[in-house]
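The values are calculated or read from the model by the stated rules, or taken from the named source; none is laboratory data. This is a predicted model, so every value here is computed, not measured. We place every Cβ from the backbone using ideal geometry, glycine too, and count neighbours over all the protein chains shown.
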Amino acid sequence: MPSTDEVLEQIDSAVDDWTVSADAMRCTPAPAPTPAGPPSNSAAPELPPVPVVPVVQFTGPLAARALAARALVALRLVDRHGLTPGTATSAVRAATNGEPTPHHDLVIAEAEAAAAEATQHLAHDLAALISAFQTAATAMKQFSKACRAADGYVAAYRKPHRSRDRPAWQSPYGPPARRR
């Protein structure tokens, strides 16, 4: 029994081929002859090496932040310690994976220094944000007090309350006139 992919390929070729009738979908073409290969007692042919792919354990914004942090540490190693970009990147990748390298201590020190600087920047930003919120809260309190104080002045200009001696649907001038 042919696989699903084979059936779909046959359908596609029959639909796209205008020289073959609809009956062509009922038969399978003869398989292509296999080329003469190594004898069956020989070892399997060697496959090309699989490229090394970095494993990222998470995706999305967290992965982007992790890659940015690695790049930052690598740039600090290049700028402050004179490592080449390739060596710095390899050292950061190895330290992330827990592999020993000659630059392991430098990577750890630069990562801690970068984290300390980021903490200082965040503390500074947080202090500025707290100050802005306190200023806004003070301004809102003053505005609220001003609105309460102005309530006496505004009350004189408000519309008078409607008397509740008749239902809302009735006009104060009596029932509507009848049409003639």
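What the table below lists for this structure:
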{"item": "One residue from 47, 83 being modelled with pLDDT of 70 or more and not in a helix (DSSP H, G or I)", "result": "83"}
{"item": "Of all residues in region 122-135 being of a type outside the set (A, V, I, L, M) and modelled with pLDDT of 90 or more, the one that is nearest to residue 81 (Cα to Cα)", "result": "131"}
{"item": "From 101, 119, 138, residue being surrounded by 12 or more Cβ atoms within 10 Å (Cβ to Cβ), out of contact with any Leu (no Cβ under 7 Å at 6 or more places or on another chain) and either modelled with pLDDT under 85 or hydroxyl-bearing (Ser, Thr, Tyr) (or both)", "result": "101"}
{"item": "Hey, residue 145 more than 41 Å from the chain's Cα centre (by Cα) and modelled with pLDDT of 85 or more or not", "result": "yes"}
{"item": "Restricting region 55-80 to residues that are small (Gly, Ala, Ser) and at pLDDT below 85, the residue that is nearest to residue 111 (Cα to Cα)", "result": "69"}
{"item": "Counted residues, region 91-108 - those being under 12 Å from residue 78 (Cβ atoms) and touching a Pro at 6+ places or on another chain (Cβ under 9 Å)", "result": "1"}
{"item": "Members of region 106-131 that are within 14 Å of residue 88 (Cβ to Cβ) and free of Cβ contacts under 8 Å to residues at least 24 places away in the same chain", "result": "108, 109"}
